[in-house]
Each structure stands twice: as C-alpha cells, then as structure tokens.
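The values are calculated or read from the model by the stated rules, or taken from the named source; none is laboratory data. As the structure is a prediction and not an experimental result, all values here were calculated from the model. Because the Cβ atoms are built from the backbone with ideal geometry, glycine has one as well, and the counts that use them run over all protein chains shown. Just the protein is used for accessible areas: all its heavy atoms, side chains included, with ligands, DNA and RNA removed. Shrake-Rupley method; radii C 1.70, N 1.55, O 1.52, S 1.80 Å.
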Amino acid sequence: MEVGGRRKSMWDSLPVVDLKSITSARGDDILSPPRRSRTTIDKLPDKVLLKIFSYLSHREIIANVRVCKKWRTLAYNTNLWSTVSLRPECNGLYVNSIEALLYLISARFGASLRYLEMPMDLITHPVLHELTARCPNLTNLLLDFSSAMQLHDFNDMQAFPTKLRTMCICLSEVIFMEGFMRKIYNFINGLEVLHLVGTYEKADEEEEEIYEVINIHKLKSATPNLKVVNLYGINFVDDSHIEAFSSNCIQLECMAVNFCSKVNGSSLKILLSRCKKLKCLLMQQCSLQNDHVMAAEWEKSSVQELDVTATDISSDCLIDLLTRVPAIRWLSAGQLDSFTDSVLKAWTERGNLKSLIALDLELCDNLTEEGLYKFLARYGQNLRGLVLSGIPHCTDSLCSNVMPALKNIRILRMGLSENLAYRMMGKIHVDGLLDNIATYGQNMERLEISWDPDSLRFSDKSQKAIDTMRVRCLRLKCLVLADGKYYEIVKANFERADRTTVVRTSTNCCVSIVYLLTHYKDLIFN
C-alpha cells in the first residue's frame, strides 16, 4: 500500500517514542556512553591479595600495614611469614630488641614459619625457647655468628627446635662455639643437611693463628642422619674432619669442602669405602695431592658429580681419576693447566661418558680447538650444561660448528674476559653466533657470551639476529653480556618485548652449571 507516493511499511504503524521523556523519567541519558564501574585492588578477594603480598619483601609488607585495616589484617597473616630473614645486611628485617622479636614470633610467625635467618645478637635462649614452643614446623635455621665478638650465655637453655632438616652456622674467626653446641646436640639428630660456613672471604693475606672454633668430631656424633655436608671456606678443616663425618654418617650423599685449603685428599680412600651412597664430591681449590687422589678406589664408588676446579693435580692423575669413575654425570675441572687434549682423548677412549650431562672447562687454556671439537661432536648431544669460557681457542667458529651436536643444551658459557682479550686469535662475529644458537639451542635457559666489547663484531642488521634468538629461545631466563654498546642493543630489544629481566651484565652475573647438581637446592646457603 502506498501513502503519499510512498509504500507504507510495518514500521509506520508503530507509535512514536519521545526519547527525551524517557530519559527525564529515568534521570539519565540512554544515548550517552555507559559509565565505567570503579575497579580497585580492594575488589579482589583476600586469597588473591595474599598471593600478591607473597611476592613482596617483608619490609614492603610492613609498610602496607599503614594503608588500611584490611591490609593490616592481611599483612599479619602468618602464611606470609613462612620464610624470614632477620639479617638487614642481607636484605632482611631489622629487629632492634629481643622483646620485639619475641612478639613477632608469637604474633606473626607461628606454625607457618619454616625458614629463619638470625644474626648473632638475636640468638639467645629466650628466643630459641619461644621458637621451639611457637614454631613447630621450623625446618630450616641459619645462625650467623660471623661478626660475633662474644657469645650470649646459654647455660639456662633447655629447648631447641627439634624438627630441623637443614641447619647453617656461619662461624666466627675467634669465638669458640662449644658452649652453645653442647646445649643443642640432643636436639639435632634429625638433621639431613648441615652447612658450616667459614671466613674464607674475610681472610687476610698474612698468615695468622688458626683456631678450631667448632668441634666437628663431636658434632658428627650428634648428626648420624646427614645426607649433605657443606664445609665452605673453613681455614682449619682438614682431612681428619672429612674422615670424622665418614665414620658416623653412612647415609652421606654429598660432601662439599670448597675453599678448604688444608684438605689434601688423604681421607678420600676412607670416605669412598665407608660412604657407599656418596654421589657428589666438591673439592674446589683444595690442596689435593696426586698420590692421595690416585690411591682412592674410585671404581668402587658411587660418585657421579665431581669438582676439582683450581687444584694442582697432574695430567696423569686426571686421566687415572676420570677413567676409573664408573659413570660420571657432572664434572667441573676448570682452571687446570693439566687438562689437555691428551686427557680428553684418554677419557674418551677409556672412560664412561654415557651419563655425562654437565662439563665445566673454564680457563683450561691448554685445550685446542680440534680436541674440543672432536669431544663435543661425539658427546655433545647428551650435554645440558657446558662452560668453555677463558679458552682462547674457543671462538665463534668452534661454537657454531658444534651447536648442531648441542641440541639439548640448557646452560652455555663461552668467551674471554677483558683481562684475557690479548690472547684472542681473532674477532667474534656475534650475529652469526646468535643465529646458530637460535637454530639449534631452543632449549637454552642460561647463556653467557663474555667476550669484551672490543672483540665483538656486529652489523647494522644485528637486530634481526637478536629477534630470532628471542623468538625461538622462549625458555631463556638469563643472557649475560659484557658492558658495552652491544649489551645496550640486546637489552633494549628484550625490554621492548617485556622480557626485562633476561639480559644482564657480566659485572654482577655469572652463568654456572651448578643448577644441574642433584643437591643444588640443598647446597644453597647464606
């Protein structure tokens, strides 16, 4: 039907609606855009807020107490206080009095506390009594006596945490610990991990009188269930102390005596014969003697992880050792002039390398490019960690040639530091190197390219190589470079992709194969 020369449609029969009348009745304008609802952090459930708070340091959590009553209640939740450090010099909380600490233990720590670090001035018998009564699930305890000049009086101490699995004691140079240790011997027989940390890093060059500030021979009798023993940088520790632990700790799986310069290896034969479960033996920078090392019955042991870095053992001793270990899994043999191509060849021909997943040859500068290539081409496919830094013959060409064999590599470190740059055979073309790593190293998690800026060569098209590696190596957590123009280019590239924590400088970061140790988490201290 047509009306006024126009066909009438079904819409013509509908009544006319006055939009203004509707809006005036509702009190708003339906034609205006909808208002945005106000969303704040307080809208989140308490469970989510607690999760967010858990990523904050305790100093920040305490600062949040002043925001509002709700945040104050959340900050006092004991679940946020399961891991606590009271050492301000190590980014921990500063507690100014024993009374304040006693209040914290009762009001905030409670049953949730599992890990605690305490400085010397807070280690008193009332504090230890309160921890025993209020914190039944405390399993990890660090007691720092390193700066002590005098101990508190522990004559009245009658209680000590009994569920400890891990205990770390930072020793003083001059304070004798026996008065305190006698009081806790009856409470620590459940320990599985023990750290005794010495004063190696504080030692003066001049020879001074050495005191045996803790009686290890008595301590080993009170800890029969130890699985991991770490004696780090203790100037009085010798082979008699290693022998003492081996006589009572038959469950021992890991023994670390790094930077204990008096250890010469005379206890190795007894240690390996008594501790049949010993799999990890770390002896970095010890004074090992060839005769003692060769006298040990390595072929009858269960040792799979070995560190002989910066020792003075000979090439013959190395060959004897490496060809007799039944199935080595992890080896750190850096800073050894005696590690040569002949050692690699003998190890390849007579050793068992089927289980080898980690190898550190840092600063073994007597190795040649040919010897390294033959070894890595044959065994590289099983490697998860490899350190070749400080070797002049290890260049970008060698790394590019062996990368197809390193398809499962997760940790890789190579390059020469600035003070060794004069030994370089040529320049490093880093674009091609990164492209090769991106192609074959898609499982890479930690990478260090420590050549100094003057040795690196890169083009205007470097961004493409960096993009390729960033896109393909999605598991990369850490990329370490020396300070310079190339470092700034790579860092900016990753930051634009919101991966701000990946690129780091060699000034404050170093890639290591220690992450592949079986007891890596148990060996972390301080």
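Below is a table of values for the structure above.
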{"read-out": "Lone unmet requirement of (1) of a type in the set (Val, Ile, Thr); (2) without any contact (Cβ under 8 Å) to a residue 40 or more places away in the chain; (3) outside any helix (DSSP H, G or I); (4) within 27 Å of Ser246 (Cα to Cα) for Val293", "value": "(3)"}
{"read-out": "Residues satisfying the stated conditions in the range 107-135, i.e. among the small types (Gly, Ala, Ser) and open to solvent by 20 Å² or more (accessible area, probe 1.4 Å)", "value": "Ala107, Ala111, Ala133"}
{"read-out": "Flag if Ser287 is of a type outside the set (Val, Ile, Thr), touching an Asp or Glu at 6+ places or on another chain (Cβ under 8 Å) and outside any helix (DSSP H, G or I)", "value": "yes"}
{"read-out": "Identity of the residue in the range 99-147, in contact (Cβ under 8 Å) with a residue 12 or more places away in the chain and among the acidic types (Asp, Glu), that ends up nearest to Arg165 (Cα to Cα)", "value": "Glu117"}
{"read-out": "Single condition Thr166 does not satisfy, out of (1) under 22 Å from the mean Cα position of the chain (by Cα); (2) within 28 Å of Val65 (Cβ to Cβ); (3) among the hydroxyl-bearing types (Ser, Thr, Tyr)", "value": "(2)"}
{"read-out": "Residue that is part of a loop (DSSP other than H, G, I, E, B), touching a strand residue (DSSP E or B) at 6+ places or on another chain (Cβ under 8 Å) and open to solvent by 10 Å² or more (accessible area, probe 1.4 Å), where the choices are Asn264, Asn258, Asn225", "value": "Asn258"}
{"read-out": "For Val16: the one exception among (1) exposed (fewer than 11 other Cβ atoms within 10 Å of the Cβ); (2) modelled with pLDDT of 80 or more", "value": "(2)"}
{"read-out": "Which numbered condition Leu50 fails, given (1) open to solvent by 50 Å² or more (accessible area, probe 1.4 Å); (2) over 23 Å from Leu141 (Cβ atoms)", "value": "(1)"}
{"read-out": "Thr439 being under 26 Å from Asn408 (Cβ atoms), under 23 Å from the mean Cα position of the chain (by Cα) and β-branched (Val, Ile, Thr)", "value": "no"}
{"read-out": "So His217, is it open to solvent by 40 Å² or more (accessible area, probe 1.4 Å) and in a helix (DSSP H, G or I)", "value": "yes"}
{"read-out": "Filter result (touching a helix residue (DSSP H, G or I) at 6+ places or on another chain (Cβ under 9 Å) and either crowded, with 20+ Cβ neighbours inside 10 Å or under 24 Å from Leu113 (Cα atoms) (or both)) within the range 153-164", "value": "Phe154, Met157, Gln158, Ala159, Phe160, Pro161, Thr162, Leu164"}
{"read-out": "Verdict on Glu209 being loosely packed, with under 14 Cβ neighbours inside 10 Å, out of contact with any Phe, Trp or Tyr (no Cβ under 8 Å at 6 or more places or on another chain) and among the acidic types (Asp, Glu)", "value": "yes"}
{"read-out": "Selection within the range 80-106 - in contact with a helix residue (DSSP H, G or I) (Cβ under 7 Å, 6 or more places away or on another chain) and either open to solvent by less than 30 Å² (accessible area, probe 1.4 Å) or closer than 21 Å to Phe180 by Cα (or both)", "value": "Leu80, Trp81, Val84, Leu86, Leu93, Val95, Ile98, Leu101, Leu102, Ile105"}
{"read-out": "Residues (within 29 Å of the chain's Cα centre (by Cα), surrounded by 12 or more Cβ atoms within 10 Å (Cβ to Cβ) and not in a helix (DSSP H, G or I)) located in the range 53-79", "value": "Ser54, Leu56, Ser57, Asn77"}
{"read-out": "Filtered residues of the range 267-295 (kept if over 27 Å from the mean Cα position of the chain (by Cα) and open to solvent by 40 Å² or more (accessible area, probe 1.4 Å))", "value": "Lys269, Ile270, Ser273, Arg274, Lys276, Gln289, Asn290, Asp291, His292, Met294, Ala295"}
{"read-out": "Filter pass, Lys521 being basic (Lys, Arg), more than 22 Å from Leu386 (Cα to Cα) and without any contact (Cβ under 8 Å) to a residue 60 or more places away in the chain", "value": "no"}
{"read-out": "Filtered residue count, the range 136-150, keeping only those that are farther than 25 Å from Glu192 by Cβ and buried (at least 16 other Cβ atoms within 10 Å of the Cβ)", "value": "1"}
{"read-out": "Scope the range 228-255; condition surrounded by 20 or more Cβ atoms within 10 Å (Cβ to Cβ) and of a type in the set (Gly, Ala, Ser); matching residues", "value": "Gly233, Ser246"}
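Yes/no matrix, rows are residues, columns are (1) farther than 16 Å from Val197 by Cβ; (2) touching a residue at least 60 places away in the same chain (Cβ under 8 Å); (3) among the charged types (D, E, K, R):
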{"position": "Lys220", "(1), (2), (3)": "yes, no, yes"}
{"position": "Asn230", "(1), (2), (3)": "no, yes, no"}
{"position": "Asp238", "(1), (2), (3)": "yes, no, yes"}
{"position": "Ser246", "(1), (2), (3)": "yes, no, no"}
{"position": "Ser261", "(1), (2), (3)": "no, no, no"}
{"position": "Ile270", "(1), (2), (3)": "yes, no, no"}
{"position": "Lys277", "(1), (2), (3)": "yes, no, yes"}
{"position": "Gln284", "(1), (2), (3)": "no, no, no"}
